[in-house]
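**Q** Before anything else, here's the structure in question.
Derivation of every value follows stated rules applied to the coordinates shown; laboratory data play no part. Model, not experiment: these values are computed from the prediction. All Cβ positions, glycine included, derive from the backbone under ideal geometry; neighbour counts span all protein chains shown.
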Amino acid sequence: MIVLKSAAELDAMHRSNRVVHLALNAVAEAAAPGVSTAELDSLAEELILSEGGKPAFKGYRGFPATLCTSVNDEIVHGIPSPKVQLREGDILSVDCGVILDGFFGDAALSFGIGHVNGVGERLMNVTKRCLDHAVEAVGPGKRLGDIGAAVQTHAEDSGFGVVREFVGHGIGRSLHEEPQVPNYGQAGRGQILKPGLVLAIEPMITAGSWRVKIDDDGWTARTEDGKLAAHFEFSVAVTSDGHRVLGLEE
Ligand code: MG
Ligand code: MG
């Protein structure tokens, strides 16, 4: 079932996503060589609680933390740990979910620790651009396949892989609502997007093959070939005249 949100509900979702972005910005600011992913997790949790929200991932299907922190060849769902100390040149992908006043927010970004160049820098830039193209493809009367096609075209034209095993999703009073939002597909195909639909769009792009393996912890998803991965996510509402990226300053 697809749940369309009212204007007031979109404002509430803007506020929950605002807290997500505050947490992501604070984490990006604090991340540096020698800092552990567990320290970043504590920082995010304290900020979310101080804003009146609750971490959405903690306890979700048993996930133990506020953030997913995925380093280098880890794509998504990495578990923060005091043992994971960031190093100069790492790529860190941080995913954060918040529930505030009954509505979920969900967003992610990748950034370099210290100086990152070469393929890592290009991968992060291309992945962010994939998300931007996907957002541009959102509007009333557009189709779900337009989003996946926008991501896939830019990623593959750049020589990178598109992860198939994980997809974006509807979001609202539940963290994961219908529909699923693949990062691949054909323009002009799939469901028609209607005002009030909110989609968490989240390209996961790899520097090599798109194939994934899961660690023994049951969560951490990494590239099968050990090549770098990046992940960006926005929660995006379909509006009567286009789209609104929830949680960004307006
Ligand atoms: Mg997320
Ligand atoms: Mg998500």
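**Q** Which count do you get for residues in segment 62-75 that are surrounded by fewer than 22 Cβ atoms within 10 Å (Cβ to Cβ) and either over 19 Å from LYS213 (Cβ atoms) or within 13 Å of ligand 2 (Cβ to nearest atom) (or both)?
**A** Adding up the residues that qualify gives 3.
**Q** Can I ask one more? Quick check on GLY105: is it within 18 Å of LEU246 (Cβ to Cβ), within 16 Å of ligand 2 (Cβ to nearest atom) and crowded, with 22+ Cβ neighbours inside 10 Å?
**A** Yes.
**Q** Name the residues in segment 169-202 that are under 14 Å from ALA134 (Cβ atoms) and out of contact with any Gly (no Cβ under 9 Å at 6 or more places or on another chain), would you?
**A** HIS169
**Q** For segment 22-50, how many residues are surrounded by fewer than 17 Cβ atoms within 10 Å (Cβ to Cβ) and either of a type in the set (Phe, Trp, Tyr) or in a loop (DSSP other than H, G, I, E, B) (or both)?
**A** The total comes to 3.
**Q** Let me ask something else. Looking at segment 100-149, which of the residues that are basic (Lys, Arg) and part of a helix (DSSP H, G or I) is farthest from the chain's Cα centre (by Cα)?
**A** Ranking the candidates gives ARG122 first.
**Q** What about ILE214, is it touching a residue at least 40 places away in the same chain (Cβ under 8 Å), away from ligand 2 (no atom under 16 Å from the Cβ) and surrounded by fewer than 19 Cβ atoms within 10 Å (Cβ to Cβ)?
**A** no
**Q** Shifting gears a bit: Only one of these is within 27 Å of PRO55 (Cβ to Cβ), out of contact with any Ser or Thr (no Cβ under 7 Å at 6 or more places or on another chain), away from ligand 2 (no atom under 16 Å from the Cβ) and touching a residue at least 40 places away in the same chain (Cβ under 8 Å): ARG173, ARG222. Name it.
**A** Unique residue meeting the criteria: ARG222.
**Q** Right, something else. Quick one: would you say MET13 is in contact (Cβ under 8 Å) with a residue 40 or more places away in the chain, out of contact with any helix residue (DSSP H, G or I) (no Cβ under 9 Å at 6 or more places or on another chain) and in a helix (DSSP H, G or I)?
**A** Criteria met by MET13.
**Q** Would you confirm whether any residue within segment 152-164 is crowded, with 19+ Cβ neighbours inside 10 Å, in a loop (DSSP other than H, G, I, E, B) and away from ligand 1 (no atom under 14 Å from the Cβ)?
**A** Yes, the conditions are met somewhere in segment 152-164.
**Q** Being within 13 Å of ligand 2 (Cβ to nearest atom) and of a type outside the set (Gly, Ala, Ser) is the filter; apply it to segment 76-98 and report the residue that is farthest from the chain's Cα centre (by Cα).
**A** That would be VAL98.
**Q** Looking only at residues in segment 180-231 that are assigned to a strand (DSSP E or B), within 16 Å of ligand 1 (Cβ to nearest atom) and not aliphatic (A, V, I, L, M), which one is nearest to VAL126 (Cα to Cα)?
**A** It comes out as HIS231.
**Q** Would you check if there is a residue in segment 186-200 being away from ligand 2 (no atom under 11 Å from the Cβ), within 18 Å of HIS77 (Cα to Cα) and surrounded by 20 or more Cβ atoms within 10 Å (Cβ to Cβ)?
**A** No, segment 186-200 contains no residue that is away from ligand 2 (no atom under 11 Å from the Cβ), within 18 Å of HIS77 (Cα to Cα) and surrounded by 20 or more Cβ atoms within 10 Å (Cβ to Cβ).
**Q** Would you confirm whether or not segment 60-79 contains a residue that is more than 16 Å from ligand 1 (Cβ to nearest atom) and either in a strand (DSSP E or B) or in contact with a Ser or Thr (Cβ under 6 Å, 6 or more places away or on another chain) (or both)?
**A** yes
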